[in-house]
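Questions regarding the structure given below will be posed in turn.
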Amino acid sequence: MQKISPLRSSIEAFNKFKALRAGKNTNDEQKTQTNPFGIAFKGTVIQMDVFEKTNNGDNTTSTHGTIKEKLQNASKLLTSTWVGTINKFSSVKNNVIAFGNKIKDNTVATYKKVQEIANTPVELNPFKYSVSRLQTLSTGELRTMLANELQGA
Amino acid sequence: MNTRKVKNIIEALGKHKDDESIQILNELGTNCPIDEVRELTSKALIKKNTHNALEIMIVNKGKGINDLSARVAMCAINELLALKDKTEALKILEDTINLHSEKEVQDTARSVKALMSFSS
């Protein structure tokens, strides 16, 4: 049986540790190569393919095809924008019409209610019975007005 | 009855310079069966602070400080106490105490005079 000296065993252990560390470092390098931004999400390293474009294959197509596709995309975008705008305008128009109709209905209802309650023409002079105005009237007029008001009481 | 209109008319008559306004308030206001109207009339007449107006409120039985409604009478007394120049009111109260035929009116005038003396 071979005798193991303590020095040799410690050297061997160090070499093993060194080799392990070196191996670990190389693994980390490999991982970081696929993750150029070094972004991790909840402990999981995000792979590079997350950042890759889905249309990589398009690069292989001809220039003519790309332009055509771009034009198609632009026309689609324009169409969708146009439709969206039309919808927006039509909804605004409907809202305005509904608001106008509501105001008209409310006004008519209020006017009818006032007519029903008062059953007389609405008095439009709010200052007719103000103290300052009444003071300018003669005592005879004031007597008549007071007598008329107290008559029903 | 439109209370706001009546109130404004009575207030306008109270501020009116014409002496006929006192007569109108005496005829229509103080003889009204509604307490609120009599109360407003008392205020308007006392605020005038003239001999004729104060006399109606102090001397007549059933009007002003002698009103059967305690609310109206108290309102009249409060207005008398609130007067800045009480000379005329005190003079009429003194005459009422000395010369009036009704004892009830004399007693009321005496009480009001005492109150006015204390308050001034």
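Any idea which of (1) in contact with a Lys or Arg (Cβ under 7 Å, 6 or more places away or on another chain); (2) more than 10 Å from chain A (Cβ to nearest Cβ) is the one residue B:62 doesn't satisfy?
Going through (1) in contact with a Lys or Arg (Cβ under 7 Å, 6 or more places away or on another chain); (2) more than 10 Å from chain A (Cβ to nearest Cβ) one by one, residue B:62 breaks only (1).
Right, next: Check whether at least one residue in segment B:9-26 is touching a residue at least 12 places away in the same chain (Cβ under 8 Å) and more than 11 Å from chain A (Cβ to nearest Cβ), and report yes or no.
Yes, because at least one residue in segment B:9-26 is touching a residue at least 12 places away in the same chain (Cβ under 8 Å) and more than 11 Å from chain A (Cβ to nearest Cβ).
Let me ask you something else. Just one of (1) within 14 Å of another protein chain (Cβ to nearest Cβ); (2) farther than 18 Å from residue A:132 by Cα; (3) aliphatic (A, V, I, L, M); (4) assigned to a helix (DSSP H, G or I) trips up residue B:6, so point out which.
Answer for residue B:6: the failing condition is (2).
Let me ask you something else. Are any residues in segment B:57-76 β-branched (Val, Ile, Thr) and open to solvent by less than 20 Å² (accessible area, probe 1.4 Å), and if so, which ones?
Once the filter is applied, which keeps residues that are β-branched (Val, Ile, Thr) and open to solvent by less than 20 Å² (accessible area, probe 1.4 Å), segment B:57-76 yields B:58, B:65, B:72.
Further, regarding this structure: Among the residues of segment A:59-79, are any assigned to a helix (DSSP H, G or I), at pLDDT below 85, within 32 Å of the chain's Cα centre (by Cα) and exposed (fewer than 10 other Cβ atoms within 10 Å of the Cβ)?
Checking segment A:59-79: not a single residue is assigned to a helix (DSSP H, G or I), at pLDDT below 85, within 32 Å of the chain's Cα centre (by Cα) and exposed (fewer than 10 other Cβ atoms within 10 Å of the Cβ).
Determine whether residue B:53 is in contact with a Leu (Cβ under 7 Å, 6 or more places away or on another chain), closer than 25 Å to residue B:104 by Cα and crowded, with 21+ Cβ neighbours inside 10 Å.
For residue B:53, the condition - in contact with a Leu (Cβ under 7 Å, 6 or more places away or on another chain), closer than 25 Å to residue B:104 by Cα and crowded, with 21+ Cβ neighbours inside 10 Å - is met.
Also, quick follow-up: Look through segment B:10-45, keep the residues that are among the acidic types (Asp, Glu) and in contact with a Ser or Thr (Cβ under 9 Å, 6 or more places away or on another chain), and return whichever of them is most open to solvent (accessible area, probe 1.4 Å).
In this case the residue turns out to be B:19.
Of the residues B:47, B:84, which is more than 9 Å from chain A (Cβ to nearest Cβ), among the charged types (D, E, K, R) and assigned to a helix (DSSP H, G or I)?
Only one candidate passes the filter, namely B:47.
The values are calculated or read from the model by the stated rules, or taken from the named source; none is laboratory data. Predicted, not measured: the structure shown is a model, and the values here were computed from it. We place every Cβ from the backbone using ideal geometry, glycine too, and count neighbours over all the protein chains shown. Heavy atoms of the whole protein, side chains included, go into the accessibility calculation; ligands, DNA and RNA do not. Shrake-Rupley method; radii C 1.70, N 1.55, O 1.52, S 1.80 Å.
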